[in-house]
Each structure stands twice: as C-alpha cells, then as structure tokens.
1. So which residues in the range 183-193 are touching a residue at least 60 places away in the same chain (Cβ under 8 Å) and either of a type outside the set (Phe, Trp, Tyr) or in a helix (DSSP H, G or I) (or both)?
2. Among the residues of the range 85-94, count how many are in contact (Cβ under 8 Å) with a residue 12 or more places away in the chain and surrounded by fewer than 16 Cβ atoms within 10 Å (Cβ to Cβ).
3. Can you spot a residue in the range 90-109 that is farther than 30 Å from LEU195 by Cβ and either in contact with a helix residue (DSSP H, G or I) (Cβ under 7 Å, 6 or more places away or on another chain) or not basic (Lys, Arg) (or both)?
4. Residue under question is LYS152, and the condition is that it be at pLDDT below 95, farther than 27 Å from ASN39 by Cβ and surrounded by fewer than 18 Cβ atoms within 10 Å (Cβ to Cβ); does it hold?
5. So how many residues does the range 28-65 have that are surrounded by 11 or more Cβ atoms within 10 Å (Cβ to Cβ), among the β-branched types (Val, Ile, Thr) and either touching a Cys at 6+ places or on another chain (Cβ under 8 Å) or in contact (Cβ under 8 Å) with a residue 12 or more places away in the chain (or both)?
6. Filtering the range 194-211 down to residues that are at pLDDT 95 or above and part of a loop (DSSP other than H, G, I, E, B), which residue is nearest to ILE107 (Cα to Cα)?
7. Among the numbered criteria (1) surrounded by fewer than 15 Cβ atoms within 10 Å (Cβ to Cβ); (2) in the same structural domain as GLU42 (by TED's automatic domain parsing); (3) touching a residue at least 24 places away in the same chain (Cβ under 8 Å), which single criterion is violated by SER140?
8. Could you grab me the full set of residues in the range 119-129 that are assigned to a helix (DSSP H, G or I) and over 15 Å from ALA158 (Cα atoms)?
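The values are calculated or read from the model by the stated rules, or taken from the named source; none is laboratory data. None of the values given here were measured: they were computed from a predicted structure. Neighbour counts run over all protein chains shown; Cβ positions are idealised from the backbone, glycine included.
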Amino acid sequence: MDLAHLRENYSNKPLLEENVSSNPVEQFKIWMCEAVESNLPEPNSFVLSTIDYNGNPTSRVLLLKGVDSGKFVFYTNYLSEKAKHIERNNNVSLNFLWLELARQVRISGRAVKTSAQASDAYFFSRPIGSQIGAHVSEQSSKIGNRDLLDLKLAEMTAFFKTNAITRPEHWGGFEVEVTSIEFWKGRPDRLHDRLLYTKRNEETWEMVRLAP
C-alpha cells in the first residue's frame, strides 16, 4: 500500500477574500448549506478535539446540531470522557471536512453547557429509541459485553412503556463560543487557499490569508 503517492489535484472555484462574508459564522453557514445541497453524507459531522487529563489532545467524530447566536452546538452524555475533559479544560477544536467539495473548516473556541431548556428541546425532538438509549448507555464506562447493554435496553424499553420518558440529568448540550475559524479550499499543485478569521471583540473579526 503506497500511501506516499496517493494525492488528489483539487480544482473548482477558489476561495477569495472578495467572495466571502466578513463574519466567519455566516460564511460557515453558507458552506454548510452548500454541503447539504450537494447531498454529501452527514455533512454536519465533525471531529471534536479536547485535552485529556495528561494534557494530550484526543479526538472523536460528532454531529453538529445547530449554530445558534454564533455558537456551535452539539449534544452528548455529560459523564463521557469528552465532557469530563471539557469540564477540566474547555478549550476545544472542531474540524469539518467536505472532501467532495475540497473544503475544510477548523474552529477553535471554548465550550460551555447549553441551558437545560435547550437540552430538553433537542432531547425530545430525537427518536424515541435515541431517548431511551441516553438512559441505557453510561458513555465511556467499561462494560463486560454487548449482552449486558442489550439487556439494559430491554429493561428500559419495558420501563418506559408505562412511564414518561425524561431527559437524564447527565445528558445535554455544549455550545462552542468561537475564537478563530480557518477556511481551507483545495487548489491545484498544493497551492491551497486558507483564510483565517480571528475574533477581536464581540463585533469585529480580523481576516488574513495564510500560506498553504
């Protein structure tokens, strides 16, 4: 397997300063809409990176569930490893890749919990199976085997046939307040476009071009 010689010569339209929004969150929404309209598989998937207990970065793939008031929102189990990492150090990174469009977005910011009302609203919009699943899985904890998980699922499914489903207190959302966003667009001969937005205050973003 010769990985060293695998390469793609990107094309399509360039990423130019005069063609983008002065607000990177609005520019992100434009790219997200274009990814959705292109029928890409799970265009809202992204890699979330956190800092573990030893100061090492660790990553996993999640799904973005909203961009509200300029903040990027996702949901998880608050007892999970990623949530515990955020509790200790809420500096996080989000990375979106739309390979078919030769586009990537890197986001740095600080994650804080959403309100209970926001978590409730999203939780009860989920399929019933997913709501029950939030009660079943103690995310990131060790389990003996798959059968134990299936047994607990059967027990909770039976329980909620006669009891109202509630949102577990340990399940909810995080919203990431952005400090910087970089937009990357693949170009021929590895001379890619990179535009970096850095937040200066509540109203102002600085945009610079980075060498590929």
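1. Step one: of the range 183-193, the residues touching a residue at least 60 places away in the same chain (Cβ under 8 Å) are 183-189, 192-193.
Once the filter is applied, which keeps residues that are touching a residue at least 60 places away in the same chain (Cβ under 8 Å) and either of a type outside the set (Phe, Trp, Tyr) or in a helix (DSSP H, G or I) (or both), the range 183-193 yields LYS185, GLY186, ARG187, PRO188, ASP189, HIS192, ASP193.
2. Within the range 85-94, the first condition is being in contact (Cβ under 8 Å) with a residue 12 or more places away in the chain, and the residues that meet it are 85-86, 88-94.
Among the residues that remain, those that are also surrounded by fewer than 16 Cβ atoms within 10 Å (Cβ to Cβ) are: 88-89, 91.
Of the residues in that region, 3 qualify.
3. Let us first name the residues in the range 90-109 that are farther than 30 Å from LEU195 by Cβ, namely none.
No, the conditions are met nowhere in the range 90-109.
4. Numbers: at pLDDT below 95: yes; farther than 27 Å from ASN39 by Cβ: yes; surrounded by fewer than 18 Cβ atoms within 10 Å (Cβ to Cβ): yes.
It is true that LYS152 is at pLDDT below 95, farther than 27 Å from ASN39 by Cβ and surrounded by fewer than 18 Cβ atoms within 10 Å (Cβ to Cβ).
5. 4
6. The residue in question is LEU210.
7. SER140 satisfies all of (1) surrounded by fewer than 15 Cβ atoms within 10 Å (Cβ to Cβ); (2) in the same structural domain as GLU42 (by TED's automatic domain parsing); (3) touching a residue at least 24 places away in the same chain (Cβ under 8 Å) except (2).
8. Going residue by residue through the range 119-129, those that are assigned to a helix (DSSP H, G or I) are 119-123, 128-129.
Of everything in the range 119-129, those that are assigned to a helix (DSSP H, G or I) and over 15 Å from ALA158 (Cα atoms) turn out to be SER119, ASP120, ALA121, TYR122, PHE123.
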